[in-house]
Amino acid sequence: MKSLHLLASMAIIVSLLIACNSTKNSTSNQKNSRKKDPVAAEAAVKIGNMLDLLATDLIGASGQKAEIIRTAEGINITFQPDFYFESSSDHLTPEAKGILDDISSVLSRYPYTEIFIEGHADSSGNQWNNKKLSEMRAKAVALYFKAHDVTADRLAIAGYGATRPIESNSTPEGRRRNRRVLVKIRANEEKFLASQAPTKVSGGK
């Protein structure tokens with residue numbers, strides 16, 4: 001009986017080892033398959049190059065009046081309200097409009113991107129009012145883009161109030177940085193890759 005129990009235990013262990021190896025091999029094969037897919041690799045390079053060029057153009061257009069970061073997902077632009085908006089208001093300052101003119105001009109040249117605009121606030125004051133103001137500021141930027149040749153179907157907005165701080169609200173500088181409008185730019189991969197496909201020329205007789 002002990003021998004039978006021992007054999008049964010060994011059989012279970014062997015089965016588990018085989019299953020683990022099978023899972024590892026399957027995962028490895030999937031990774032290798034992705035690496036060996038030249039079409040997917042070429043598409044990723046094209047999208048990356050487009051976003052790199054866009055980031056460079058945006059940095060030039062912003063005149064160092066906005067923080068522009070190239071991320072793995074796309075590009076993030078951070079506008080600080082103390083420059084872009086009148087105090088406790090969603091009205092854009094004249095200086096902000098000048099910068100947004102140039103940024104809009106760049107965005108209009110890259111139509112195969114999507115733009116998500118987030119408004120954020122610090123934790124001081126009435127939180128319902130902060131959330132409303134953050135949404136109104138995001139909307140103000142979106143409307144400005146729309147009025148300057150960035151099509152509405154590329155734009156989306158949200159106001160998060162003080163729910164997503166990037167610094168501590170216990171210091172004036174932290175609160176200043178938390179009051180921001182964040183513009184996230186992502187590639188519309190399907191439309192962009194379709195635009196890169198070679199045009200078929202129908203033959204004539």
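Hey, residue 160 hits all of (1) in contact with a Lys or Arg (Cβ under 9 Å, 6 or more places away or on another chain); (2) closer than 19 Å to residue 51 by Cβ; (3) among the hydroxyl-bearing types (Ser, Thr, Tyr) but one; which does it fall short on?
With (1) in contact with a Lys or Arg (Cβ under 9 Å, 6 or more places away or on another chain); (2) closer than 19 Å to residue 51 by Cβ; (3) among the hydroxyl-bearing types (Ser, Thr, Tyr) applied to residue 160, the lone miss is (2).
Looking at (1) more than 25 Å from residue 175 (Cα to Cα); (2) open to solvent by 50 Å² or more (accessible area, probe 1.4 Å); (3) touching a strand residue (DSSP E or B) at 6+ places or on another chain (Cβ under 6 Å), can you tell me which one residue 113 breaks?
Going through the list (1) more than 25 Å from residue 175 (Cα to Cα); (2) open to solvent by 50 Å² or more (accessible area, probe 1.4 Å); (3) touching a strand residue (DSSP E or B) at 6+ places or on another chain (Cβ under 6 Å), residue 113 breaks only (2).
What are the residues in the stretch 82-110 that are touching a residue at least 60 places away in the same chain (Cβ under 8 Å) and either under 21 Å from residue 168 (Cα atoms) or surrounded by fewer than 17 Cβ atoms within 10 Å (Cβ to Cβ) (or both), if any?
The answer is 82, and nothing else.
Can you tell me which residue is modelled with the highest pLDDT among those in the stretch 167-205 that are among the β-branched types (Val, Ile, Thr) and out of contact with any strand residue (DSSP E or B) (no Cβ under 8 Å at 6 or more places or on another chain)?
171
Output the number of the condition that residue 177 fails; it satisfies all remaining conditions of (1) open to solvent by 70 Å² or more (accessible area, probe 1.4 Å); (2) touching a residue at least 60 places away in the same chain (Cβ under 8 Å); (3) of a type in the set (Lys, Arg).
(1)
Does residue 152 satisfy the criteria of being exposed (fewer than 13 other Cβ atoms within 10 Å of the Cβ), over 22 Å from residue 60 (Cβ atoms) and in contact with a helix residue (DSSP H, G or I) (Cβ under 6 Å, 6 or more places away or on another chain)?
In short, yes.
Could you go through the stretch 132-139 and let me know if any residue there is open to solvent by 70 Å² or more (accessible area, probe 1.4 Å), in contact with a Phe, Trp or Tyr (Cβ under 9 Å, 6 or more places away or on another chain), closer than 24 Å to residue 64 by Cβ and part of a helix (DSSP H, G or I).
no
Are any residues in the stretch 118-131 in a loop (DSSP other than H, G, I, E, B) and either of a type in the set (A, V, I, L, M, F, W, C) or under 17 Å from the mean Cα position of the chain (by Cα) (or both), and if so, which ones?
Residue satisfying the conditions is 121 alone.
Would you point out which residue out of 185, 166, 115 is closer than 26 Å to residue 72 by Cβ, part of a loop (DSSP other than H, G, I, E, B) and of a type in the set (A, V, I, L, M, F, W, C)?
One residue alone meets the criteria, 166.
The values are calculated or read from the model by the stated rules, or taken from the named source; none is laboratory data. Because the structure is a prediction, the values reported are computed rather than measured. Cβ coordinates were reconstructed from backbone atoms using ideal geometry, including for glycine residues, and neighbour counts include every protein chain displayed. Accessible surface is based on the protein model in full, side chains and every heavy atom, while ligands, DNA and RNA are left aside. Shrake-Rupley method; radii C 1.70, N 1.55, O 1.52, S 1.80 Å.
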